[in-house]
Amino acid sequence: MARVLVIDDEASIRLMLKETLEQDGHKIVEALNGEEALKMFGLDQFDLVITDLVMPRKNGIDLIMDIKHQAPNSRIIAISGGGGMSGRFDYLPIAELVGADAILSKPFMLQELKDTVSQILAPAS
């Protein structure tokens, strides 16, 4: 199946994503923040990136732009609960504008995650 890079500063979210996607046979690599993820992205190849947007040491919006600059055909799913340093704000539409292929608002249903991953990884027809 697919190699998926999962980025979230919350360990519980990373674990949930990892366990859910491994059930479908995907190989998961985890990163704690955008800075760490960008280093991993430069060293390995991934079929899909799933990233939170509000994180320390490089937010998800900047990460998406950096990944798309390095590899324009990269497939990315952005996830966010809308939290931020100065209160709640919906960053998901911005993520789509800078290159995310799909967005999921936390909390989301596990089936919604699986369906979105399947859609993004499906061969173009």
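Does at least one position in the stretch 74-92 carry a residue that is in a helix (DSSP H, G or I) and at pLDDT below 95? Yes, because at least one residue in the stretch 74-92 is in a helix (DSSP H, G or I) and at pLDDT below 95. Determine whether the stretch 17-35 contains at least one residue that is without any contact (Cβ under 8 Å) to a residue 40 or more places away in the chain, at negative phi, buried (at least 19 other Cβ atoms within 10 Å of the Cβ) and polar (S, T, N, Q). Within the stretch 17-35, one or more residues are without any contact (Cβ under 8 Å) to a residue 40 or more places away in the chain, at negative phi, buried (at least 19 other Cβ atoms within 10 Å of the Cβ) and polar (S, T, N, Q). Restricting attention to the stretch 17-62, which residues are of a type in the set (D, E, K, R), over 14 Å from Ala78 (Cβ atoms) and either touching a strand residue (DSSP E or B) at 6+ places or on another chain (Cβ under 8 Å) or not in a loop (DSSP other than H, G, I, E, B) (or both)? Residues satisfying the conditions are Lys18, Glu19, Glu22, Lys27, Glu30, Glu35, Glu36, Lys39, Asp44, Asp47. Of all residues in the stretch 63-73, those that are of a type in the set (S, T, N, Q) and in a helix (DSSP H, G or I) total 1. From the list Val98, Val49, which one is within 18 Å of Glu22 (Cα to Cα) and at pLDDT 95 or above? Criteria check complete, one pass: Val49.
Among the residues making up the stretch 41-69, those that are buried (at least 16 other Cβ atoms within 10 Å of the Cβ) and of a type in the set (A, V, I, L, M) are Leu48, Val49, Ile50, Leu53, Val54, Met55, Ile61, Leu63, Ile64, Ile67. Look at the stretch 94-120: where a residue is on the phi > 0 side of the Ramachandran plot and a partner is assigned to a helix (DSSP H, G or I), sitting 6+ places away or on another chain with Cβ atoms under 9 Å, you get Gly99/Ile64; Gly99/Met65; Gly99/Ile67; Gly99/Lys68.
The values are calculated or read from the model by the stated rules, or taken from the named source; none is laboratory data. Note that the structure is a prediction, hence the values are computed from the model and not measured. No Cβ is skipped: glycine too gets one built from the backbone with ideal geometry, and neighbour counts run over all protein chains shown.
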